[in-house]
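**Student:** Below is the structure I would like to discuss, written out as structure tokens.
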Amino acid sequence: MKRPHQFLTLDEVKRLITACNEPTRTIVLLAIMTGLRIGEILALRWKRINFIGETLVVAETCFMGHFGTPKTRASRREVPLSPAVVDALQAHYSRSTNRSPEGLVFATRQGGPLVSNNLRRRGLQSACKRAGLPIINWHCLRHTHGTLLHVQGTPLKVAQAQLGHSHMATTLEVYTHSSVIAQREAVNLLDEQVFPNVPKNADGRRKTAEFASPTN
């Protein structure tokens, strides 16, 4: 039986990013906001980031320290960057020791590529524990990106290009799995519209006593 995909809610995304230390924080932010695969992130070089145009180009991938080309033509793509991601990458650039065009954005002290498994155990999983979240893997962040695109109503074709999927069926699978969170967001929005003046508890839930005697 195929295991269901993991994804984070918007609230969980914020908690995870806050709990991360660098460079994991910037990597997590990049993964969630762009949908890049972890191998694409670890192979990213400064020359492929356009800070002025706010884009990056996916042209390499890295697995266990070995570089290669993206697996499909669709994986080779230009990805837009949000202002928050640009700011994070610029801050990371200022901290980096190798700022040459060929330099890796995320590198060891010797300038080599980071290993995703080590980074997951020491960075991502530790942050999950601090944030009170279940342990996740890197693909969860990519799936979260697709889920959040679906929730905000992004067209399927746009999401396919963003995620670098060769086949729309793959993107559709992401959208299908994310229908639960989309339903939750829809119900919460309806709640806000029907009961706009009902106060909330500290956990964000409505105070049930307020519903006892409706106001005429």
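Throughout, read-outs are computed from the coordinates displayed, never taken from laboratory work. Everything numeric here is computed off the predicted structure, so don't read it as measured data. So basically every Cβ, Gly included, is an ideal-geometry build from the backbone, and we count neighbours across all protein chains shown.
**Student:** With Cβ to Cβ distances under 12 Å as the rule, what net charge do the other residues near GLY164 carry (K, R +1; D, E -1)?
**Tutor:** Here the charged neighbours net out to +4.
**Student:** Scaled to the compact-protein estimate 2.2 N^0.38 Å, what is the alpha-carbon radius of gyration of segment 85-139, rounded to two decimal places?
**Tutor:** Segment 85-139 yields a ratio of 1.33.
**Student:** Separate question: Please state the Cα pair-distance histogram of segment 50-166 with 5 angstrom bins from zero: what percent is in each bin?
**Tutor:** Pairs per bin, as whole percents: 2, 9, 14, 19, 24, 20, 10, 2, 0.
**Student:** Right, another one. Within segment 1-131, count lysine pairs with alpha carbon atoms under 30 angstrom apart where the residues are 8 or more positions apart or belong to different chains.
**Tutor:** Lysine pairs meeting the criterion: 6.
**Student:** Given the Cα-Cα distance of LEU10 and GLU22 and 0.36 nm per residue of separation, how much length would full extension add, in nm?
**Tutor:** Between LEU10 and GLU22, full extension yields 2.2 nm more.
**Student:** Which value results when the Cα radius of gyration for segment 1-69 is divided by 2.2 N^0.38 Å?
**Tutor:** Rg over 2.2 N^0.38 Å, computed on Cα atoms: 1.28.
**Student:** Would you pull out the residues with amide H under 5 Å of ARG45's amide H, same chain only if 5 or more places away, H placed 1.01 Å from N?
**Tutor:** Amide H neighbours of ARG45, under 5 Å, 5+ apart: VAL105.
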